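A.B. asks: This is the structure I want to talk about, given as structure tokens.
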Amino acid sequence: MQDKRSQLLSAILVVALVLALVAAGLLFKAWHDAKDERDDAKDRLGDLDSAESAARELLVDMTTYDYQHVDDTYDWLDQLTNSEVKKNFARSEDKIERVVRLGKVVAKGEVEESAYRPGADGTSVVVVAFVHQTITDGSDNQKTEDQWATLTMVPGDSDSGWLASNVQLSGIPDPAGTVTTQ
């Protein structure tokens, strides 16, 4: 009888040990999977952050120019992937450069705030930014313009690894009903 009890107890202990090992293995696998998911999320967050930084830099380049270096005014066009968007901006390039040169215009743009979200396709990043620009002419007249900008950033061949496939700019109405403030 004692042998039967010890055999039964041994069998129960062996089953418990096997179950404990299986549970430990499942827990280890779950821990490893969670760690992989965390690492993937960190990588994706890093991608989102770098896309936002690239968008911010592009917006500063778009809104900062100087009549003394007017040839550099549109250097940022190579950061766009969409040929239609490039054409729309390039169409006004000569006129704007002429106005900047003749008016001795200096503009300084800065991105005040920005936010981002993953794009619908899973590879792009949509960045929304508030851009403040101060424009001074040769007579020291100064005006400010505030705009919302929405950019769709896509992976591309650039220093930042990101290019803009879409750029939308919209003025911000002030209480007087105008789009820009002076």
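A.B. asks: Quick one: if you stick a label point 7 Å off each Cα along the C-beta vector at D157 and D49, how many nm between them?
C.D. replies: The two pseudo-label positions are separated by 2.8 nm.
A.B. asks: If I take every Cα pair under 8 Å that is 6 or more residues apart in region 1-133, average their sequence separation and divide by the length, what percent do I get for the relative contact order?
C.D. replies: 24
A.B. asks: Along each principal axis of its Cα atoms, how long is region 54-104 end to end? Whole angstroms, biggest number first, please.
C.D. replies: 30, 22, 12
A.B. asks: Given a 1.4 Å probe, how much area per residue of the chain is accessible, in Å²?
C.D. replies: With the other protein chains kept in place, the chain gives 66 Å² per residue.
A.B. asks: If a helix is a whole DSSP H run, which ones in the chain reach 20 Å or further along their own axis (Cα) and hold a mean Kyte-Doolittle hydropathy of at least -0.5?
C.D. replies: Membrane-span-like by this criterion, though nothing is claimed about a membrane: 2-63.
A.B. asks: Total Lys pairs in region 1-156 closer than 20 Å by alpha-carbon, pairs eight or more apart in sequence or interchain only?
C.D. replies: Lysine pairs meeting both conditions in region 1-156 amount to 8.
A.B. asks: Under a 1.4 angstrom probe, counting protein chains only, how are L151, L9 ranked by accessible area, largest first?
C.D. replies: L9, L151
A.B. asks: Using alpha-carbon pairs under 8 Å, 6+ residues apart, how would you state the relative contact order of region 50-109 in percent?
C.D. replies: Worked out over region 50-109, it gives 50 percent.
A.B. asks: Over its Cα atoms, what ratio of radius of gyration to 2.2 N^0.38 Å does the chain give?
C.D. replies: 1.83
A.B. asks: For the chain, give the percent of accessible area contributed by carbon and sulfur heavy atoms, probe 1.4 Å, rounded to a whole number.
C.D. replies: 55
The values are calculated or read from the model by the stated rules, or taken from the named source; none is laboratory data. From a predicted model like this one, the values you see are computed outputs, not experimental measurements. FYI the Cβ positions are ideal-geometry reconstructions off the backbone, even for glycines, and counts take in every protein chain you see. Calculation scope for accessible area: heavy atoms of the full protein, side chains included, ligands and nucleic acids excluded. Shrake-Rupley method; radii C 1.70, N 1.55, O 1.52, S 1.80 Å.
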